[in-house]
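Structure first, commentary second.
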Amino acid sequence: MVLAFFSACAVTSKGPSVAQLTDGRQGFVIRENPEMDAASRGEFERAVAMMNAGENDKAIELLTRVIDRSPGVTAPYINIAMAYVRTGRTELAEQHLKTALGLVPDHPVASNEYALLLRKGGRFKEAREIYEKALAGFPDYLPARRNLGILCDLYLNDPACALKQFELYSEGMPADGQVKIWIAELRMRLGW
């Protein structure tokens, strides 16, 4: 998943904030200040298109310029981190994800991407902590819920944790047949 959104920018806000939607829809709104200028928005959109086309090195160049002009906005840091992961430069990816989380500590997407990076690097305990922190603030952020289930099942040998995460995920994504299979397998392994 490539972030193809811009965080909403609150002109009257003194700093960034993350809030869940309260109008019956699932999701969250990130309000950041400062905002991107028109040139940065255009370059950000082009970078997203490049990432979707597999042109990650070109996207990194554009996103670097966007970050230079708009250092207080999280989306470019998250996307450049994703591009760095795709090109095998995980140290740079981690630096950018830490920067995004420094700007908006409870950012669910940045947290999910960072935990994925930690998991891939064998840092399972840290990954679990990041997922759990993200889900404490955003329990309906389903990608983190699913990924925590995978971490618990395949890497931490904690089938009870995995089952709980997959069941919660499945409530929000009932059409995901693969997770239903995982739930059935975990129940059999646990003797439930």
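Every number in this text was worked out from the coordinates using simple rules, so none of it is lab data. Quick caveat: nothing in here was measured; it's all calculated off a predicted structure. Note that we place each Cβ from the backbone using ideal geometry, even for glycine, and neighbour counts take in every protein chain shown.
I need the peptides 48-59, 71-82 ranked by packing, meaning the mean over residues of other C-beta atoms within 10 angstrom, with the highest value on top.
Packing order, densest peptide first, comes out as 71-82, 48-59.
Under the Karplus relation 6.51 cos²θ - 1.76 cosθ + 1.60, θ = phi - 60°, what is the ordered set of whole-Hz ³J(HN,Hα) values for the stretch 25-31, x standing for Gly and Pro?
For the stretch 25-31, the Karplus curve yields 8, 8, x, 8, 10, 10, 9 Hz.
Which label belongs to the value computed from this structure, given these candidates for Cα extents along the principal axes in Å: [x] 56, 39, 36; [y] 57, 39, 28; [z] 72, 40, 30?
Here the calculated entry is [y].
Taking the Cβ of GLN20 as the center, what net charge do the other residues with Cβ under 14 Å away carry, scoring Lys and Arg +1 and Asp and Glu -1? Walk me through the intermediate numbers first.
Numbers: positive: ARG25, ARG31; negative: ASP23, ASP106, ASP140.
So the environment of GLN20 carries a net charge of -1.
Compute the length gained on full extension between THR22 and ALA175: take 0.36 nm times their separation in residues and subtract their Cα-Cα distance, giving the result in nm to one decimal.
The span from THR22 to ALA175 would gain 52.7 nm if fully extended.
How much mean residue ellipticity at 222 nm does the chain get from its helices, if each DSSP H run of length 4 or more adds -39500 (n - 2.57) and you divide by all residues, to the nearest 500 deg cm²/dmol?
Working: 9 runs with 120 residues, N = 192.
Result for the chain: -20000 deg cm²/dmol, rounded to the nearest 500.
Give, in nm to one decimal, the length gained when the segment between LEU190 and GLU129 is fully stretched (0.36 nm per residue of separation minus the Cα-Cα distance).
19.6 nm
Aspartates and glutamates within cross-link reach of LYS180: Cα-Cα under 13 Å, excluding same-chain residues under 8 positions apart?
Partners found: GLU167, GLU171.
Can you figure out the FRET efficiency of ARG65 with THR90, using R₀ = 25 Å and their beta-carbon distance, to the nearest 0.05? Please report the intermediate quantities before stating the final value.
Values: r = 22 Å, r/R0 = 0.89.
E between ARG65 and THR90, to the nearest 0.05, is 0.65.
Run the numbers on the chain and let me know its relative contact order in percent, using alpha-carbon pairs under 8 Å that are six or more apart.
On the way: 271 pairs, mean separation 25.1, N = 192.
Relative CO of the chain lands at 13 percent.
Net charge near ASN112, counting Lys/Arg +1 and Asp/Glu -1 over other residues with Cβ under 10 Å of its Cβ? Spell out each step's value before the answer.
Numbers: positive: ARG145, ARG146; negative: GLU113.
Neighbourhood net charge equals +1.
Which whole-Hz ³J(HN,Hα) couplings does the stretch 104-119 yield from phi under the Karplus relation 6.51 cos²θ - 1.76 cosθ + 1.60, θ = phi - 60°, glycine and proline marked x?
9, x, 9, 5, x, 5, 4, 4, 4, 5, 5, 5, 4, 4, 4, 4
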